[in-house]
Every structure is written in structure tokens, then in C-alpha cells.
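Participant: Please find one structure pasted underneath; my questions will follow.
The values are calculated or read from the model by the stated rules, or taken from the named source; none is laboratory data. Every value quoted in this text rests on a predicted model; they were computed, and no experiment measured them. With ideal geometry, Cβ positions are generated from the backbone for all residues, glycine too; neighbour counts draw on all protein chains shown.
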């Protein structure tokens, strides 16, 4: 796919017969942030992480300015991938939940094979406009925010070179998600599972419940112990949830 490709393989799952999970990272995050979850899922899943421009091996590419731009970027590779899969799901965390939701909408609109499940994690529902302005924070305010959230190692923020890169990428991503607006009544058709940490300061149980209005399919919500970045500490439980959903989809396909 070349250096500008969007999808990174995170697992040893076989391409034939394995359920494919495509993961969309949080603001400032990269594909590798789903590495622990991929390892927990094991070889029965093919896990692919979305690598947004402007970071790691794509650090020389310009950051994109909107959720729509991110969707347009990743869509061609997902469309190409779908015919090769034995079923696939989308999993988005934080900003990635909005990107995954809009990607799912486009795939369904274009009549591509619908995902088995859309997992949205740690994110307010699309109908709600983000009330924060983190992308306008000063560098010191942004550093404090990142440390409070716990998603960025303090040691990296102490290194001037890393700090500059991290702040630039994170600020750009926050601008993307904080200027995102969802079309009124926008919904997907596939099953939607909303999840978050039970101590997430920005996503409550009530926020998760509101995601129900954004699917015409089955809806479930669940929480795990922890804050905004709860996934790594709960990789076993999150993996079990993903496995359960993929097996349910397989059963329905067999009876369909």
C-alpha cells in the first residue's frame, strides 16, 4: 500500500477466516495504541489500526483538518479490504469513535458490506456538539490536560523534541474533533456497542445511552473500571466483548 497507507497490521490473525477489527485511535494517538488489545484478541482476529497522517511513520505528511477528511482518506483501503474479509467490525476510541461512526455511515451509504458491529468508546454521541476548546489551550495548559488524562507518558513531554511533535499533533486532532458537527438524525444500520471507563471525566453512562439514537440496529452499552484510557487495563474484558459480538454476528449469518 506504500508509505501513505492508512492501515497497520497489529496482529497475527490469518487473513482467511479471521474476523477483521479496524481500530480508530484517539486525538494524538496512533495505530499502535491498539497493540495490547490486538495481542489479547489473538490469532482468531485480524486487527488493523488506522494511522492518521502527521505521526510516527506518517510524520512528514500534513495533518488533516476535519473528520470528513480522515474518513475520505481511510475509506478506499477499507473498501478494498472488505471483499477479502470473513466479516469485519469498526472500533473507535474518543475522537476515533466519531471517525469510525462517519466511516460506517459512508460504507453503508455506498452499499458496501456493513460492519458486523460498530464499537464506540469514550466519546459523547455525535448529535452533541463538543463544548471544549482544548485546541485553543496554551502549550502549558495542553501539557497539563494530557497529564491529567493519563494517555501520554510524562517522560515524552519532558523531552523538548518529542513535546513539540506531541503538542502539534494533539492540538491538530483536538481541532478536528472540536469542530466536528454531525448531520441531524444521522444513524447507522448495524449493531452499535457503546463503552467507556466508569470514571471517564468526559463520557458518562448517560452519554453512552444517547448513542442509541444513532443506530437503527441493536444497541448495547457497557462500562469498565477506569478513566478515559481504560482499554489497556481492561483488554481482556474488552476483547471478550468483541469476541462475543463477532460470534453473535456469525450465528446470525449462519441462520440468515
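Participant: Among the residues in segment 103-118, are any within 18 Å of residue 229 (Cα to Cα) and either out of contact with any strand residue (DSSP E or B) (no Cβ under 9 Å at 6 or more places or on another chain) or modelled with pLDDT of 95 or more (or both)?
Facilitator: Going through segment 103-118, the residues within 18 Å of residue 229 (Cα to Cα) turn out to be none.
Checking segment 103-118: not a single residue is within 18 Å of residue 229 (Cα to Cα) and either out of contact with any strand residue (DSSP E or B) (no Cβ under 9 Å at 6 or more places or on another chain) or modelled with pLDDT of 95 or more (or both).
Participant: In addition: Does residue 234 count as in a helix (DSSP H, G or I) and at pLDDT below 95? Talk me through it step by step, then tell me what you get.
Facilitator: Numbers: in a helix (DSSP H, G or I): yes; at pLDDT below 95: no.
No; evaluated as a whole, the condition is false for this residue.
Participant: Then there's this: Restricting the search to segment 103-113, which residues are surrounded by fewer than 24 Cβ atoms within 10 Å (Cβ to Cβ) and under 17 Å from the mean Cα position of the chain (by Cα)? Break it down stepwise before answering.
Facilitator: Taking segment 103-113 first, the residues surrounded by fewer than 24 Cβ atoms within 10 Å (Cβ to Cβ) are 105-113.
Residues satisfying the conditions are 105, 106, 107.
Participant: Of the residues 247, 212, only one is outside any loop (DSSP other than H, G, I, E, B), on the phi < 0 side of the Ramachandran plot and at pLDDT below 95; which?
Facilitator: Details: 212 fails: at pLDDT below 95.
Only one candidate qualifies: 247.
Participant: Hey, among the residues in segment 146-169 that are surrounded by 15 or more Cβ atoms within 10 Å (Cβ to Cβ) and within 21 Å of residue 92 (Cα to Cα), which one's nearest to the chain's Cα centre (by Cα)?
Facilitator: 151
Participant: Here's another thing I want to ask about it. Among the strands (runs of 3 or more DSSP E) lying completely within segment 1-99, list those that include at least 3 residues that are surrounded by fewer than 24 Cβ atoms within 10 Å (Cβ to Cβ).
Facilitator: In segment 1-99, 7-9 are the strands (runs of 3 or more DSSP E) which contain 3 or more residues that are surrounded by fewer than 24 Cβ atoms within 10 Å (Cβ to Cβ).
Participant: To continue, here is another question. Among all residue pairs at least 6 apart or on different chains, which show Cβ distances below 9 Å where the first residue, located in segment 117-136, is at positive phi and the second is surrounded by fewer than 22 Cβ atoms within 10 Å (Cβ to Cβ) and part of a strand (DSSP E or B)?
Facilitator: Going by the 9 Å Cβ cut-off, the qualifying pairs are 122/197.
Participant: Condition first: within 15 Å of residue 98 (Cβ to Cβ) and either at pLDDT 90 or above or buried (at least 17 other Cβ atoms within 10 Å of the Cβ) (or both). Now tell me which residues in segment 128-145 satisfy that. Give the steps one after another, and end with the answer.
Facilitator: Going residue by residue through segment 128-145, those that are within 15 Å of residue 98 (Cβ to Cβ) are 128-132, 134-135.
Within segment 128-145, 130, 134, 135 qualify.
Participant: Still on this model: Could you tell me which numbered condition residue 131 fails, if it satisfies all but one of (1) assigned to a loop (DSSP other than H, G, I, E, B); (2) over 19 Å from the mean Cα position of the chain (by Cα); (3) closer than 20 Å to residue 24 by Cβ?
Facilitator: Of everything listed in (1) assigned to a loop (DSSP other than H, G, I, E, B); (2) over 19 Å from the mean Cα position of the chain (by Cα); (3) closer than 20 Å to residue 24 by Cβ, residue 131 misses just condition (3).
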